[in-house]
Amino acid sequence: MARPRKASTKAVDVADSYAVRLMQHLVVPTFVIDPKRRVVIWNRACERLTGLAASEVIGTTKHWQAFYETRRPCLADLVALDRPEQLPEFYSEYAARGHNGLGFSAENWCVMPKLGSQLYLAIDAGPIHDEAGHLIAVVETLRDLTDQKRAETALKELATKDGLTGLSNRRAFDQMLMTEWARAQRTQKPMALLFVDVDHFKLFNDRHGHQSGDECLRAVADVVSRHATRPLDLASRYGGEEFALILPDMDCDPACVIAEEIRRAVMALRIAHGAIGAGDHLTLSVGVASHIPGEADGGPDRLLGAADEALYAAKRLGRNRVICAERVLAEFACHGREPVPGRAARKSA
C-alpha cells in the first residue's frame, strides 16, 4: 500500500514544481507570499516591471520596497491579513471581492524606487487555501496602466481646462460650485465667490489687437490663479474677459482682501491700455459675495447673484475697484448715486 502513497506524493511534488516554473515564466508580473507575508516567488516579469531582482526579496517581507519609499502593506499583505477595511487607507481605487475568499483588486500610483519613476498599476491579489481551508499563500499580479492613466488625465484636463489661460473652465467652475455649496450646507460654514472683470476689454482689443488681448487675459489669469492658494480654492475663466474665484470656508472680509490684492497685482503689471475713457493702464473690477447656505437655499443662485450684483456696482461706480455684496447700497450712498437695476441674475448650471 506504500507504493501508491509514494507515487501520489511524487505526483504532487512534480505538479508543485511545474506550477512554480510556470509562474516564473508568466508574462504577467506576479509574486507570491506565504501566510507570514514572506516572498516565495518573484517572477521574471515582476523583476522587469519593478527593477528589483528576485534574490533581493525571496524569503523576506521587503516586497514593498519595489513599489514604495516607506514601508506600507501591499495588496497581497491586506489579503493575507484579511483587512478589507484598510483598502481606502492605501488605495484610491479598490474592490474587495469577498470576505476571506476571492481577494482584492486595486489601482494606484506607485513610486517604483528602483526605476526612479512612477507607475500607475492595476493590482489583483487572491488567497490560496489548502483542503482544510487554511491560507497557504497569496498571489499578487500587476498590470502597468501608466500610459492609459496619463491619457485619461490629459483628456480630463482638456474637458475642464480653458485652452487660452490654463485655468479651470466654466464647466469645472459649475461642478465645483455645486460641490462646495453642498459641503457648505453640511458644515454651515461660509463660502465666498469673486467675479473679476477686465475693465474696458473691448476697447483694449480694438486698440491693441486680439493677440495682445489674449496675452492680457493670460497675464490676468496668472494673477488670479496665484491667489487660489488652498487645496479647495478654484480659479476659473468664467467667460470672455471675466474670471471667477471660489473660496470655501471664507467670509466677506478676507475675501475682499484677496480681491484687493488681485486688483493691485494687475495694476502693478502696468499693462498699457490708453484707449479713450479707459486710462493709461489695464485695471480690474471685482465683485465679492459670501454666504452660509441655509435649508431654504436650494442652490448657489443667491451667491452668484450677489457676486454679480457687486461686480455690476463696481462697474457703475467707476471701475477699478472691489465691491462687497454686503456693502453695495452703502457704496452707492457714499458716492451720492442711486442704485439702478442691473443685468439679469446669473443662474447656477
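The values are calculated or read from the model by the stated rules, or taken from the named source; none is laboratory data. Everything quoted here is computed from the prediction, not taken from an experiment. Quick reminder, even Gly has a Cβ in these numbers, built from the backbone with ideal geometry, and neighbours come from all protein chains shown. Quick note on the areas: whole protein, heavy atoms, side chains included, nothing else; ligands and nucleic acids left out. Shrake-Rupley method; radii C 1.70, N 1.55, O 1.52, S 1.80 Å.
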Being touching a Pro at 6+ places or on another chain (Cβ under 6 Å) and open to solvent by 40 Å² or more (accessible area, probe 1.4 Å) is the requirement here; does Gln175 meet it? no
What is the residue count in segment 43-89 for residues that are among the charged types (D, E, K, R), over 24 Å from the mean Cα position of the chain (by Cα), assigned to a loop (DSSP other than H, G, I, E, B) and at pLDDT 95 or above? 2
Tell me, which residue of segment 38-50 that is touching a residue at least 60 places away in the same chain (Cβ under 8 Å) and not aliphatic (A, V, I, L, M) is farthest from Glu140 (Cα to Cα)? Thr50
When residues of segment 90-134 are filtered for being crowded, with 17+ Cβ neighbours inside 10 Å, in a loop (DSSP other than H, G, I, E, B) and of a type in the set (S, T, N, Q), how many remain? 0
Just the residues that are farther than 20 Å from Tyr312 by Cα and either out of contact with any helix residue (DSSP H, G or I) (no Cβ under 6 Å at 6 or more places or on another chain) or not in a loop (DSSP other than H, G, I, E, B) (or both), please, taken from segment 274-302. Gly274, Ile276, Asp280, His281, Ile292, Gly294, Glu295, Ala296, Asp297, Gly298, Gly299
Quick check, is Arg183 of a type in the set (Lys, Arg) and either at pLDDT 95 or above or open to solvent by less than 80 Å² (accessible area, probe 1.4 Å) (or both)? yes
Asp199 among the charged types (D, E, K, R), more than 18 Å from Leu304 (Cα to Cα), surrounded by fewer than 14 Cβ atoms within 10 Å (Cβ to Cβ) and in contact (Cβ under 8 Å) with a residue 40 or more places away in the chain: no
Does segment 70-88 contain any residue that is closer than 20 Å to Lys149 by Cα, surrounded by 15 or more Cβ atoms within 10 Å (Cβ to Cβ) and either among the basic types (Lys, Arg) or touching a helix residue (DSSP H, G or I) at 6+ places or on another chain (Cβ under 6 Å) (or both)? no
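Is it the case, given these coordinates, that Leu217 is farther than 16 Å from Ala314 by Cβ, in a helix (DSSP H, G or I) and in contact with a strand residue (DSSP E or B) (Cβ under 9 Å, 6 or more places away or on another chain)? Explain how you work it out, then say what you get.
On the way: farther than 16 Å from Ala314 by Cβ: yes; in a helix (DSSP H, G or I): yes; in contact with a strand residue (DSSP E or B) (Cβ under 9 Å, 6 or more places away or on another chain): yes.
In short, yes.
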Modelled with pLDDT of 95 or more, part of a helix (DSSP H, G or I) and either more than 22 Å from the chain's Cα centre (by Cα) or surrounded by 15 or more Cβ atoms within 10 Å (Cβ to Cβ) (or both): is that true of Phe204 in this structure? yes
Expected single match for open to solvent by 80 Å² or more (accessible area, probe 1.4 Å) and either within 18 Å of Ala125 (Cβ to Cβ) or modelled with pLDDT under 85 (or both) among Val28, Val14 is Val14
